[in-house]
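Structure first, commentary second.
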Amino acid sequence: LPDATILITKAERTALVFLEIDLGTEPVTSTAGYSLAGKLRSYAAYFDAGAYQQDFSFAGILRGFRVAIVVPTGRLRQLQQLVTAEQHDFVLITTAAQVKQGFHQPIWVNHDNTIVDVLGRPRDGVHDVVQVASPIPRRNA
């Protein structure tokens, strides 16, 4: 379950955003047990199954959803690497310090490291790219 579910409606369109607040207490990856990587894979399966359309049918027609994750600054790079490596195109990441600028502002980083707003739109139509180091190495189980 997300920490919050947000429906944003403008004109005839509705966006579904699941908000996750990462306090840094859960492992990003793990070969045994719970991890943020596993949670994101569960969101991907939920997306692929289209179950969100039935679960949120009261909101009208939905064309997908976003998972907006607020992380401690020290975990931003690690989570960016995970999202990039696994190509979770529905995930947006930012820090608590950035959220102070406004949840709807272009403070979010997407799967290809472009700065976007919470709806996934690039800032002013310009694709600012955030540099990320090499992907997280995978552990053999």
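The values are calculated or read from the model by the stated rules, or taken from the named source; none is laboratory data. These figures come from a predicted structure and were not determined experimentally. With ligands, DNA and RNA removed, areas are computed over all heavy atoms of the protein, side chains included. Shrake-Rupley method; radii C 1.70, N 1.55, O 1.52, S 1.80 Å.
Computed over protein heavy atoms with a 1.4 Å probe, the accessible surface of the chain works out to 59 Å² per residue.
Stretching Leu23 away from Ala4 to a fully extended chain increases their span by 5.4 nm, per 0.36 nm per residue minus the current alpha-carbon distance. Between Asp22, Asp117, Asp55, the GNM of the chain built on Cα springs shorter than 10 angstrom shows Asp55 fluctuating the most.
Could you sort Arg77, Arg63 by their accessible area in this structure, using a 1.4 Å probe and putting the largest first?
On the way: Arg77 120, Arg63 200 Å².
Highest to lowest solvent-accessible surface, that is Arg63, Arg77.
A straight line joining the Cα centroids of the range 66-95 and the range 1-61 runs 13 Å. Between Gln53 and Gln105, the contour length at 0.36 nm per residue exceeds the alpha carbon distance by 16.1 nm. With a 1.4 Å probe and all protein chains left in place, how much of the accessible area of the chain comes from carbon and sulfur atoms, in whole percent? Carbon-and-sulfur percentage of accessible area, whole number: 53.
Under the rule a/c < 1.5 gives rounded, and otherwise a/b versus b/c splits prolate from oblate, where does the range 42-115 land using the Cα gyration tensor? It comes out oblate by the Cα gyration axes.
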